[in-house]
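Below: one structure, written as structure tokens.
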Amino acid sequence: MNNTVLITGASRGIGKAIAELFAENGYNVVINYRSSDIKANELYNKLVRNNRSAMLIKADVAVREQVDEMYAKIKSAYGGVDVLINNAGIAEQKLFTDVSEDDWDNMFDINVKGMFNCTQAVLNDMISNKYGKIINISSIWGLVGASCEVAYASSKAAVIGFTKSLAKELGPSNICVNCIAPGIIDTDMNASLDDNAIKELKEQTPLIRLGSPEDIANLALYLASEKANFITGQIISPNGGFVI
Ligand code: NAD
């Protein structure tokens, strides 16, 4: 039977590239999304047209009830998941003094609690199976901090602490928990950056380009594979040399 992967926030950007690559590699792909019905359906239809195995589930990862309902659907279709990719996330640039309590809560509800909700939903079955791979998407800003992104960088630092701690707890159950901390990737998340800002970011990157969603998907596929069975608790940062 095919392995099954759940990718959160998969209607566009990095999540979409991960969904396409895992589908090409024979996984049953569960595409989770929150609001972009059109984009999510386009991706789902494309995969199905190409004879890939896919399932589309609308759910807000920040809402426990919706996450539990999502997992119940996956369980009845595929029996559970072998790989969970906590990719859904939001970013916001603001002076720290302008960050409201709602801004802060919203950032942590999605970027941190969403990961907590999805991981708890899938975990009991992974523990029973004595097998699983959990891949959390952080950011270089979670590693080194970012001015005007205190809330985002703090939430992404939490993803790193979560990864390291859970890896220690789940090692005896043969569940690997790793984290990808991407550099600047060419997705809608960076759509607000102007040409000058993009030019500067490229110049500060030894490989002189932004990353592509596929750069991240390739690493996720490797971490999910049996080739990475001895890798757990690691924070791996594909960033073109931007942060060393
Ligand atoms: P994106 O904005 O294109 O994609 C994020 C996806 O998450 C969107 O599809 C969005 O709808 C979804 N999402 C947001 N809130 C959700 C919720 N509550 N429930 C379900 N889905 C939700 O951005 P991206 O660049 O593809 O980002 C993917 C991940 O990579 C994020 O966690 C982001 O923080 C991280 N990341 C991105 C970059 C970058 O430069 N683009 C760098 C480092 C890390």
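Residues of segment 54-69 with an amide N closer than 14 Å to a point placed 7 Å from the Cα of Asp105 along the Cα-to-Cβ direction: 63. Where Lys and Arg each count +1 and Asp and Glu each count -1, what net charge lies around Cys148 among other residues with Cβ under 10 Å from its Cβ? With Lys, Arg at +1 and Asp, Glu at -1, the neighbours total -2. Determine the alpha carbon to alpha carbon distance for each of Lys16/Lys168; Lys73/Lys113; Lys164/Lys202; Lys75/Lys164; Lys113/Lys227 and list only those over 25 Å. As for pairs spanning more than 25 Å Cα to Cα, those are Lys16/Lys168; Lys164/Lys202; Lys75/Lys164; Lys113/Lys227. Were the residues from Asp188 through Lys58 laid out at 0.36 nm apart, the gain over their Cα-Cα distance would be 44.8 nm.
Ser212: net charge of surrounding residues, Cβ under 15 Å, Lys/Arg +1, Asp/Glu -1, itself excluded? Intermediate values should be presented prior to the final figure.
Working: positive: Arg12, Lys16, Lys202, Arg209; negative: Glu20, Asp186, Asp188, Glu214, Asp215.
Cβ neighbours under 15 Å give a net charge of -1.
Against the main long axis of the alpha-carbon atoms of the chain, helix 213-224 sits at an angle near 40°. Amide H to amide H, with H built 1.01 Å from N, Ala54 comes under 5 Å of Val29, counting only residues 5 or more places away or on other chains.
Once all protein chains are placed together, Glu226 keeps about 140 Å² accessible to a 1.4 angstrom probe. Relative to the Cα centre, the charge distribution of segment 4-236, modelled as +1 at Lys and Arg Cβ and -1 at Asp and Glu Cβ, gives a dipole magnitude of about 880 debye.
Run the dipole for segment 1-139 about the Cα centre, Lys and Arg Cβ at +1, Asp and Glu Cβ at -1, nothing else charged, and hand back the magnitude in debye, nearest 20. Could you put the intermediate results ahead of the total?
Numbers: 15 positive and 17 negative charges, 150 e Å.
In total the dipole reaches around 720 debye.
In the chain, the DSSP-assigned H stretches of four residues or longer account for a calculated mean residue ellipticity at 222 nm of -14000 deg cm²/dmol, using -39500 (n - 2.57) per stretch and the full residue count as denominator. Applying 1/(1 + (r/R0)^6) with r as the Cβ-Cβ distance of Lys39 and Ser212 and R0 = 25 angstrom yields a FRET efficiency of 0.90. The residues Trp104, Trp141, sorted by heavy-atom accessible surface at 1.4 Å with ligands and nucleic acids left out, run Trp104, Trp141 from largest to smallest.
When the chain is fully extended, how far beyond the present Cα-Cα distance does Asn25 get from Thr97, taking 0.36 nm per residue of separation?
Numbers: separation 72, 0.36 × 72 = 25.92 nm, distance 4.61 nm.
Answer, rounded to one decimal: 21.3 nm.
Computed from backbone phi with θ = phi - 60° and the Karplus coefficients 6.51, -1.76 and 1.60, the 3J(HN,Hα) list for segment 136-143 is 9, 9, 9, 6, 4, 5, x, 8 Hz; x is used for glycine and proline. Scanning residues 5 or more positions from Thr4 or on other chains, those with amide H under 5 Å from its amide H are Asn28, Asp82, Val83, with H placed 1.01 Å from N in the peptide plane. The 3J(HN,Hα) values that the Karplus relation (6.51, -1.76, 1.60; θ = phi - 60°) gives for segment 173-178 are, in residue order, 8, 6, 10, 9, 10, 10 Hz. Gly and Pro appear as x. In segment 4-236, the C-alpha radius of gyration followed by the widest Cα-Cα span (Dmax) gives 17.1, 51 angstrom.
Any chance you could give the angle, 0 to 90 degrees and rounded to 10, that helix 114-129 forms with the longest Cα principal axis of the chain? In the chain, helix 114-129 runs at an angle near 30 degrees to the longest axis. Set against the 2.2 N^0.38 Å expectation for a compact globular protein, segment 117-212 has a Cα radius of gyration ratio of 1.33. For segment 5-10, putting each phi into the Karplus relation 6.51 cos²θ - 1.76 cosθ + 1.60 with θ = phi - 60° gives couplings of 10, 9, 10, 8, x, 9 Hz, in residue order, rounded to whole numbers and with x for Gly and Pro.
In this rough spin-label picture, where each label sits 7 Å from Cα along the Cβ direction, the Ser76-Val144 distance is 4.8 nm.
In this structure the amide hydrogen of Ile185, modeled in the peptide plane, comes within under 5 Å of the amide hydrogens of Gly211, none closer than 5 places in sequence on its chain.
The values are calculated or read from the model by the stated rules, or taken from the named source; none is laboratory data. Predicted, not measured: the structure shown is a model, and the values here were computed from it. Backbone-built Cβ (ideal geometry, glycine too); neighbour counts: all protein chains shown. Side chains included, ligands, DNA and RNA excluded: accessible areas come from the protein's heavy atoms. Shrake-Rupley method; radii C 1.70, N 1.55, O 1.52, S 1.80 Å.
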